[in-house]
1. With viscosity set to 1.002 mPa s and temperature to 20 °C, compute the Stokes-Einstein D of the chain, Rh being the Kirkwood radius across alpha carbon pairs; µm²/s, no decimals.
2. Which value in deg cm²/dmol, rounded to the nearest 500, describes the helix-derived mean residue ellipticity at 222 nm for the chain, given -39,500 (n - 2.57) per DSSP H run of n ≥ 4 and division by the residue count?
3. Which angle from 0 to 90°, rounded to the nearest 10, does the C-alpha axis of helix 92-101 make with the longest principal axis of the chain?
4. What's the angle, to the nearest 10 degrees (0 to 90), between helix 117-127's Cα axis and the longest principal axis of the chain?
5. What lysines could a cross-link reach from LYS84, if we take a straight Cα to Cα line under 19 Å and drop same-chain neighbours fewer than 8 places away?
6. Just to confirm a number: summing +1 for Lys and Arg and -1 for Asp and Glu over residues other than ARG65 whose beta-carbon lies under 11 angstrom from that of ARG65, what do you get?
7. Would you calculate the separation in nanometres between label points at PHE71 and LEU9, each defined as 7 Å from the Cα along the Cα-to-beta-carbon direction?
8. Among HIS62, GLY47, LEU96, whose Cα projects farthest towards the positive end of the dipole of the chain, with charges put on the beta-carbon of Lys, Arg (+1) and Asp, Glu (-1)?
Amino acid sequence: MTTTEPKKLTPFDFLDAIQVTGKILITDEDSEKQYIPFIINKGLSFGADTVIYANEMNSRPHIPREFQNLFLINNIVKRKRYNKWIKAELSNELELVKRYYGYSTEKAKQALSILNQDQLNTIKQKLEKGGRK
């Protein structure tokens with residue numbers, strides 16, 4: 001006898017089911033554990049027509065995951081959406097300031113706002129290790 005492992009579902013599988021196919025992926029306890037409401041709601045919050053539903057589910061975290069999924073599947077209009085995931089941008093200058101002063105990202109952003117280009121060039125020169133590029 002061969003045992004088959006349950007399929008590992010990603011948040012993108014759930015988002016695709018909610019927005020495009022309408023297929024119910026939560027069929028057992030394992031698939032329910034793989035449904036992460038925070039990530040699903042974040043993915044839905046990037047769409048202008050789905051942000052309201054994501055907000056509704058964020059305001060009701062006590063509802064079981066299966067019911068949250070069913071609510072979203074049954075209420076969101078099915079169509080392909082091409083929403084971009086927003087990612088934080090880190091600049092090279094920010095990394096230089098963090099390394100030079102030993103600052104956190106937040107402190108480095110504050111320091112970067114008051115440093116001029118000559119000071120940044122000096123920091124860059126001091127942090128250069130040499131060798132081949």
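1. Here the translational diffusion coefficient equals 116 µm²/s.
2. -14500 deg cm²/dmol
3. Approximately 70 degrees, to the nearest 10.
4. Computed tilt is about 90 degrees.
5. Reachable lysines: LYS42.
6. Counting the neighbours of ARG65, the net charge comes to -2.
7. Using points 7 Å along Cα→Cβ, the separation is 1.7 nm.
8. Selected residue: LEU96.
The values are calculated or read from the model by the stated rules, or taken from the named source; none is laboratory data. Predicted model, so just to flag it, every value in this text is computed and none were measured. Here the Cβ is made from the backbone with ideal geometry for all residues, glycine too, and neighbour counts use every protein chain on show. Heads up: the accessible areas ignore ligands, DNA and RNA and are worked out on the full protein's heavy atoms, side chains in. Shrake-Rupley method; radii C 1.70, N 1.55, O 1.52, S 1.80 Å.
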